[in-house]
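Written below as structure tokens is the structure these notes are about.
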Amino acid sequence: MLSKSQYLKYLQCPKAFWLYRKDKSKLTPPSPLQQQIFDTGTEVGEVAWGLFPGGRLIPFNITNIPGMARQTRTAITNSADTIYEASFIVDKLFVAVDILHREEDSWHLYEVKSSTGVKDTYIDDAAVQCYVLEKSGIKLTSMNIVHINNRYVLDGELDLKQLFSILDVTDEARLRVAEIPLRIDEMKSILAGPEPHRPIGPHCLSPYECDAKDYCWKTLAGVPENSVFTLTTANPERKFDLYKSGIANIADVPPEDCTMAQQLQIQGELHIEPDPIREFVRDLVYPITHLDFESFQSAVPQYQGTQAYTQIPFQYSLHIEENPGNLLHKEFLGPIGTDPRRELAEQLLADIPEEGTILTYNQKFEKSIIGKLAKAFPDLKTPLLALNERVRDLMLPFQKRWYYHPAQNGSYSIKKVLPALVPEMDEAYKNLPGVNNGGEASSTWSALPRNADPNQVEQIRSELLAYCRLDTHAMVKILDVLRQV
Ligand code: SF4
């Protein structure tokens, strides 16, 4: 049996489709972050059912897909006007429609997406559903993409009509229906043959990063670790052009037409500009507070005054250098299941010294979190915004390439800077018992309210605290290296 998602995979790359069907061992399992994105999609789909309440749900059953199609047929015969996950099979191709809704004698299809806009691949998604439904005798009057409207601000009860935007894609989708039978035949003949050959290219990254990328890029194509694809600030076209011209290693990229940052990466040598680094360090004022927030986002706004995908801070860590050699640590981790922002904002104001520099790594993020807290709590606005005035960015010396270590491999992200400058801290991250990156912290926090085991919850909370504490401790260590300059 073929499915809609296999059809979309085939459109991206026939080899990806073949591997999915014939050799899953070549595929990389979803990361916790990707899994969170899938889970968000499921959650948003279920919330969108509320746009057409009272519908009949066809429960997903992988072991009995024909049974799902039969239940759908029965629901239609019994005059159901709204069906969630309405299932159909034609030419051994299975589709499940997020929402199928009937108004008088017209059927309307709604495909729900957790994104904030409409991508071209969604039109193919609607087209293949249209093909299967109309061959099953369901004449569609409209096909629509339902997606998140991130301009909607939660104010009182959740208003689904404002949370979602609906775009009619009937005309565009119909234009793509004619090609579907041919494509289905191609899919069947590909499956009957051996693993197809397909060179790597931009299609590996779009519309989604392919889960066979490690296999095709590293194992088959031999793309090295320090490849042209890591060339800093270069767009994908330039990287693929270089690769197609026979240049695989970053060291072989001709330095002409390269920016200074790219040239440093190509040369692969330590580069230090002492004067601006000394000035940067000299401008920091004690007590120096190293600040790092952890945050999560949800597609459906949970708290008043927030929008879809607003970053909600739930945790921070502070390492405070009161004076040279005197380090203090403070931290906050919010209560589970309630809005952590007020408590976090109040404790942040109490914990951060009244003067001195506040150091962050990538100030845009921390300043935007503080700015949003100030907006949410007008009575705290003045002291919160005053914090932002004192923020300096520890990323700056690396972003400006005043300090460049070859192990950064072109990047100035803390994940690359830290192991390059302070290798022993990298070991500390590897030894963390649980959470060891920001994405994991976010997905772990989001899942906590569903965990009913108090021992596990306590364990996870301590893992979150350990992770965030290490982040600000890492900043202290990076600043120490700059001081040595
Ligand atoms: S990595 Fe690229 S070439 Fe390989 S299966 Fe995926 S899309 Fe196709």
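The values are calculated or read from the model by the stated rules, or taken from the named source; none is laboratory data. Keep in mind that what you see is a predicted model, and the values were worked out from it rather than measured. All Cβ positions, glycine included, derive from the backbone under ideal geometry; neighbour counts span all protein chains shown. Keep in mind that these areas ignore ligands, DNA and RNA; they rest on the heavy atoms of the full protein, side chains included. Shrake-Rupley method; radii C 1.70, N 1.55, O 1.52, S 1.80 Å.
In segment 224-267, what is the volume of the convex hull around the alpha carbon atoms, normalised per residue and reported in Å³? Present the calculation step by step, with values, prior to reporting the outcome.
Numbers: hull volume 2.8 nm³, N = 44.
Here the figure is 64 Å³ per residue.
Ratio of Rg to Rh for segment 244-399, alpha carbon only, Kirkwood? If you can, show how the numbers build up before the last one.
Working: Rg = 20.0 Å, Rh = 18.2 Å.
Ratio of gyration radius to Kirkwood radius: 1.10.
Among the lysines, which fall within straight-line cross-link reach of Lys218, defined as a Cα-Cα distance under 19 Å, with same-chain neighbours fewer than 8 residues apart omitted?
Lys15, Lys24, Lys26, Lys239, Lys244
Can you tell me the 0 to 90 degree angle between the C-alpha axis of helix 454-484 and the longest principal axis of the chain, rounded to 10?
50
Can you list the lysines whose alpha carbon sits under 18 Å from that of Lys161, skipping same-chain ones fewer than 8 residues off?
By straight Cα distance, Lys161 reaches Lys113.
Find the Rg to Rh ratio for segment 31-191, where Rh is the Kirkwood radius over alpha-carbon pairs and Rg uses the same atoms. Let's see the in-between values first.
Numbers: Rg = 16.1 Å, Rh = 16.6 Å.
When Rh is taken as the Kirkwood radius, the ratio is 0.97.
Against the longest alpha carbon principal axis of the chain, how many degrees, from 0 to 90 and to the nearest 10, is the axis of helix 32-48 turned?
Around 50 degrees separate the two axes.
What share of the DSSP beta bridges in the chain is antiparallel, in percent to the nearest 5? Kindly include the intermediate steps, with their values, before the conclusion.
Numbers: 39 of 54 bridges.
So the antiparallel bridges amount to about 70 percent of the total.
Which lysines, if any, have their Cα less than 28 Å from the Cα of Lys367, not counting same-chain residues under 8 positions apart?
Cross-link targets: Lys330, Lys375, Lys381, Lys400, Lys415, Lys416, Lys477.
Could you state the principal axis extents of the C-alpha atoms in the chain, from the largest down, to the nearest angstrom?
Rounded to whole Å, the extents work out to 77, 58, 41 Å.
Just to confirm the number: angle between the C-alpha axis of helix 65-77 and the first principal axis of the chain, 0 to 90 degrees, nearest 10?
60
Taking the Cα centre of segment 1-95 as origin, sum charge times position over the Cβ atoms of Lys and Arg (+1) and Asp and Glu (-1), and report the length of that vector in debye to the nearest 20.
Values: 11 positive and 7 negative charges, 118 e Å.
Roughly 560 debye, rounded to the nearest 20.
Can you give me the % of accessible surface on the chain that is carbon or sulfur? Probe 1.4 Å, all protein chains present, nothing else counted. Before the final figure, lay out the partial values.
Details: 11920 of 23450 Å².
Answer for the chain: carbon and sulfur cover 51 percent of the accessible area.
Hey, what D do you get for segment 216-299 in µm²/s if you plug the Kirkwood alpha-carbon radius into Stokes-Einstein at 10 °C and 1.306 mPa s?
The calculation lands on 97 µm²/s.
So what is the relative contact order of the chain, in percent, for Cα pairs below 8 Å that sit 6 or more residues apart? Write down the numbers at each step before the final one.
Working: 745 pairs, mean separation 62.4, N = 485.
Relative contact order of the chain: 13 percent.
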